[in-house]
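The values are calculated or read from the model by the stated rules, or taken from the named source; none is laboratory data. This is a predicted model, so every value here is computed, not measured. Cβ placement follows ideal geometry from the backbone for every residue including glycine, while neighbour counts extend to all protein chains displayed.
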Amino acid sequence: MIADDHRQTMTPFPRCDATAAWAALRGHYEAHGREFDLREAFARDPARFERLSVEAPEVFADLSKNLVDAATLHFLADLARECGVEAQRDAMLAGEPINVTEGRAVLHTALRAPPGTAPHSGDVHAVLDAMLVFADSVRVRANGGKLRQVVNIGIGGSDLGPQMAVAALAGFAHPKLEFHFVSNVDGHDIASVLRRAVPAETLFVIASKTFTTQETMANAETAKAWFLAGGGGRIEDHFVAATTNVDAAARFGIARTFGFWDWVGGRYSLWSAIGLPIAIAVGASGFRELLAGARAMDEHFAEAPVERNLPMLLGLLDVWYRNFHGFTSRSVAPYHHGLKRLPAYLQQLEMESNGKRVDREGRTLPYSTSPVVWGEPGTNGQHAYFQMLHQGTDTIPVEFILVKEADASAGSATAVIDALASQQRMLLANGLAQAQALMLGRSTAEALAEQPQAPAGTGVDAATLAAHRTFPGNRPSTTLLLERLTPRSLGALIALCEHRVFTAGVVWDIDSFDQWGVELGKGLGNRLLPLLAAPTGADADLGGLDVSTAGLLRRLRP
Ligand code: F6P
């Protein structure tokens, strides 16, 4: 149970399952939701696209291919209000300790607020300015050919955000720098990077909020040993840290540290010093654009009414699908290759935030929380798992992210420019077509009409083949549309995702900002580590372990 001084910061609002809106949604689902048909909805309402699309900063969202009507959205908005989503949002933005189990404020939004407009502004801008001066100095060293590789060593939020953003903004990145992201404690990860690097031309960024994470510390030690063995020069010129634990970084031998604070959650930290690799890649002005895009989305989230508030609407759709339709996962399909790490980033953002089983008072929840979030960039996913999305037994809502203008370039030859423009049209046509196919499907009659006879030698008759070629359709999707993938639009897109997760978390009455679920395995891993080093045969130390773990340990010992 939670201490009394935290209890008073808890919401005075009812839990979602005790609201009138929840009961109304249950009734609405039984009466209209279960049998809702998208094709009929579009036939009934030619203005459905206009009615169900939302313009937010940098992001246009088409929500019309979702299994909702006006009544669904009305009840969902009521649900948000009854659960206090707006009040909790305001509490977060004001710096109240809404992370109740850690007694912490949640202020990643302060990292992208202009000076003087949010809590901790002085500290935030002092570090930001220093970090951006350093980032630009690294770019100057790279211009002179003195630096070629930037290796970020971190894991989870200290890896996925910067890695995703640097890949997404490759078109804006310094042309002479290569970026690597090492996270896994598996030495194959760092070894593959070090094999290609030269110590004197490499900058290591040791990124860890705590500066105690086993994987990061192990990789940092390996990097230091490699650097010293290779005669790279002075540690202080080639290692920097991004951490809240400045003392630990100093003990490691790092002189230059960019700090941040316990009110920045790991998975919300790319806007802080953890974003240093992004700042090096795109420069100070690019990083400020990223922050500005996020800030614009923050303002939309803070000001738009629930009915036009895109992050809230997406979070509420997640609740609708998870708790009423019972859908267990959501697939993300970014149709821009630069966003290839977005699904992995979103997995941590959503599943570490909302993968919780008790409410904020510690009571076991009677309803489901985070869906599984997964995906691959389009069109690759189409040739892998989209089969299941179209014809599998489960309905999986899909989120398409389309980017109108491409930045791809491969020289100035007209023929190449034309070829790439044509590829961009193919990409967009594919994304649109997948959403359309999921919604429209293909009836058995249509399949039969298209192919009234099975080809000779198939061994099936026409009707059987038609059954295999039938698509049920009515499968929901959302399309998020960006004009271009730029630092600004990426910032807005990521902030949109953060606030959507927040919205669903408030409705579910969970603490979206702790992550106790990673503790148990970490602790057990530390206890098993010395047992792996023991010589084969010395089994006395395995007593007390479950027999499965003991059996596997015996096999793994040298
Ligand atoms: O896996 C748990 C976690 O605490 C994440 O939330 C965090 O992003 C990651 O570990 C890395 O932690 P740190 O930045 O402290 O090394």
Say whether the condition of being part of a loop (DSSP other than H, G, I, E, B), touching a helix residue (DSSP H, G or I) at 6+ places or on another chain (Cβ under 8 Å) and at pLDDT 95 or above is met by at least one residue in the range 347-357.
yes
Give the residue that is surrounded by the fewest Cβ atoms within 10 Å (Cβ to Cβ), with candidates limited to residues of the range 118-137 that are touching a residue at least 12 places away in the same chain (Cβ under 8 Å) and not hydrophobic (A, V, I, L, M, F, W, C).
123
Considering only the range 157-166, I want to know if a residue exists there that is surrounded by fewer than 21 Cβ atoms within 10 Å (Cβ to Cβ), modelled with pLDDT of 95 or more and either within 16 Å of the ligand (Cβ to nearest atom) or not in a loop (DSSP other than H, G, I, E, B) (or both).
no
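For every residue, the table says whether it meets (1) of a type outside the set (Asp, Glu); (2) more than 16 Å from the ligand (Cβ to nearest atom); (3) farther than 26 Å from residue 509 by Cα; (4) touching a residue at least 60 places away in the same chain (Cβ under 8 Å).
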{"position": "64", "(1), (2), (3), (4)": "yes, yes, yes, no"}
{"position": "71", "(1), (2), (3), (4)": "yes, yes, no, no"}
{"position": "93", "(1), (2), (3), (4)": "yes, yes, no, yes"}
{"position": "108", "(1), (2), (3), (4)": "yes, no, no, yes"}
{"position": "116", "(1), (2), (3), (4)": "yes, yes, yes, no"}
{"position": "139", "(1), (2), (3), (4)": "yes, yes, yes, yes"}
{"position": "143", "(1), (2), (3), (4)": "yes, yes, yes, no"}
{"position": "149", "(1), (2), (3), (4)": "yes, yes, yes, no"}
{"position": "154", "(1), (2), (3), (4)": "yes, no, yes, yes"}
Could you tell me whether any residue of the range 486-493 is more than 24 Å from residue 389 (Cβ to Cβ), within 16 Å of the ligand (Cβ to nearest atom), among the β-branched types (Val, Ile, Thr) and touching a Gly at 6+ places or on another chain (Cβ under 9 Å)?
no
When you scan the range 386-453 for helices (runs of 4 or more DSSP H) that lie fully inside it, which ones turn up with 1 or more residues that are more than 30 Å from the chain's Cα centre (by Cα)?
414-440, 444-450
Scanning the range 454-478 for residues that are over 38 Å from the mean Cα position of the chain (by Cα) and surrounded by 13 or more Cβ atoms within 10 Å (Cβ to Cβ) gives 454, 462, 465, 466
Can you name the helices (runs of 4 or more DSSP H) wholly within the range 173-250 that have at least 2 residues being buried (at least 20 other Cβ atoms within 10 Å of the Cβ) and within 15 Å of the ligand (Cβ to nearest atom)?
214-229
What do you reckon, is residue 284 within 16 Å of the ligand (Cβ to nearest atom) and over 22 Å from the mean Cα position of the chain (by Cα)?
no
Starting from the range 192-217, keep only residues that are more than 19 Å from residue 277 (Cβ to Cβ), then list their pairs with residues that are more than 12 Å from the ligand (Cβ to nearest atom) whose Cβ atoms are within a distance under 6 Å, requiring at least 6 positions of separation or different chains.
200/232; 200/233
Which ones in the range 76-92 are out of contact with any helix residue (DSSP H, G or I) (no Cβ under 6 Å at 6 or more places or on another chain) and in a helix (DSSP H, G or I)?
81, 86, 87, 89, 90, 91, 92
Take the conditions crowded, with 17+ Cβ neighbours inside 10 Å and in a helix (DSSP H, G or I) and apply them to residue 500. Does it pass?
yes
Any chance the range 327-340 includes a residue that's more than 22 Å from residue 427 (Cα to Cα) and in contact with a helix residue (DSSP H, G or I) (Cβ under 6 Å, 6 or more places away or on another chain)?
yes
Give the residue that is surrounded by the fewest Cβ atoms within 10 Å (Cβ to Cβ), with candidates limited to residues of the range 88-108 that are polar (S, T, N, Q) and over 21 Å from residue 243 (Cβ atoms).
101
How about the range 406-432: which of its residues are among the acidic types (Asp, Glu) and exposed (fewer than 12 other Cβ atoms within 10 Å of the Cβ)?
418
Scan the range 261-273 for residues that are under 23 Å from residue 342 (Cβ atoms) and within 13 Å of the ligand (Cβ to nearest atom) and jot them down.
264, 265, 266, 267, 268, 269, 270, 272, 273
Scan of the range 446-485 for residues that are among the β-branched types (Val, Ile, Thr) and touching a Leu at 6+ places or on another chain (Cβ under 8 Å), ordered by number
458, 478, 479
Selection from the range 319-342 of residues under 12 Å from residue 168 (Cβ atoms) and in a helix (DSSP H, G or I) yields 337, 338, 339, 342
